[in-house]
């Protein structure tokens with residue numbers, strides 16, 4: 001009798017859903033949270049807003065056949081959404097929050113904050129959190145991501161919401177500050193001191209989310225830096241005394257004296273005033289040699305027997321040697 005064949009175990013093929021990404025890379029979706037005072041909708045789409053990934057409401061998490069806007073039901077709905085996102089390979093979410101809006105209340109319902117916190121506690125990385133008016137927003141359409149004006153609202157009084165406006169984001173900011181004022185401390189120190197204070201005041205999960213956002217922001221800023229080196233400008237040329245004096249006198253200067261400089265910027269030994277016709281010899285620093293001012297021919301190459309105290313040299317022309325230019329006018 002042939003032995004009975006046992007049942008062969010078939011290897012189960014593991015099917016992974018979602019995009020194939022490298023380890024540690026985040027795959028973002030967009031979570032639209034609609035929180036009214038009747039129900040809370042947690043709706044996840046792709047980045048374009050055209051493809052629905054998962055949608056759960058607070059009414060789906062209670063036994064009765066009705067809507068449910070309680071924070072507990074919103075938390076359960078957000079947990080189911082996070083679980084489904086993980087199965088599909090979605091690891092991070094941008095948040096779009098809205099209220100009823102229109103001619104009704106623009107304050108989000110009680111399930112808004114609970115759903116947002118449940119997503120973070122479920123291990124989903126939170127990207128940008130934004131709120132837009134209902135007139136500019138639909139649940140299944142692409143949405144622009146605009147950050148909340150955190151800096152202008154954190155340090156001001158939160159009792160009067162209408163002081164900042166009647167937009168949805170104003171009420172969201174007021175709601176968050178009222179429910180957890182300790183989550184938004186006043187930061188008045190330097191940048192390193194503020195970061196240290198935030199790390200000490202935030203729990204481990206929130207700090208990891210914040211740290212992940214800082215890394216992404218740093219990579220974005222680094223990608224904008226240009227590697228092109230700017231051409232270095234040549235240092236400005238230092239003008240000599242003669243060149244400095246000439247620079248203040250225009251080319252056309254009726255009645256004004258304009259000194260003459262050689263190619264090195266030094267005073268030429270013979271200087272003449274074109275308007276008066278007088279010429280005179282000068283020392284190397286431009287000081288007039290006494291008793292040389294007259295009309296007619298001048299020989300400034302002759303040795304000077306006198307010294308000009310105002311020249312600051314204390315030497316005669318013979319002491320200057322052959323380096324001093326000698327020529328006839």
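Structural remarks
- Checking every residue in the range 11-26 against the condition of being touching a helix residue (DSSP H, G or I) at 6+ places or on another chain (Cβ under 9 Å) and modelled with pLDDT of 85 or more gives at least one match.
- Tabulated pairs, the range 203-230, first surrounded by 10 or more Cβ atoms within 10 Å (Cβ to Cβ), second in a helix (DSSP H, G or I) and modelled with pLDDT of 85 or more, C-beta under 7 angstrom, 6+ apart or interchain: 205/120; 205/121; 209/120
- Selection count, the range 111-131, where residues are assigned to a loop (DSSP other than H, G, I, E, B) and in contact with a strand residue (DSSP E or B) (Cβ under 7 Å, 6 or more places away or on another chain): 1
- Segments classed as helices (runs of 4 or more DSSP H), wholly inside the range 139-236, with at least 1 members that are at pLDDT below 80 and in contact with a strand residue (DSSP E or B) (Cβ under 8 Å, 6 or more places away or on another chain): 168-179
The values are calculated or read from the model by the stated rules, or taken from the named source; none is laboratory data. Computed from a predicted model, the values in this text were never measured in an experiment. Glycine also receives a Cβ, built like all others from the backbone with ideal geometry; neighbour counts cover every protein chain displayed.
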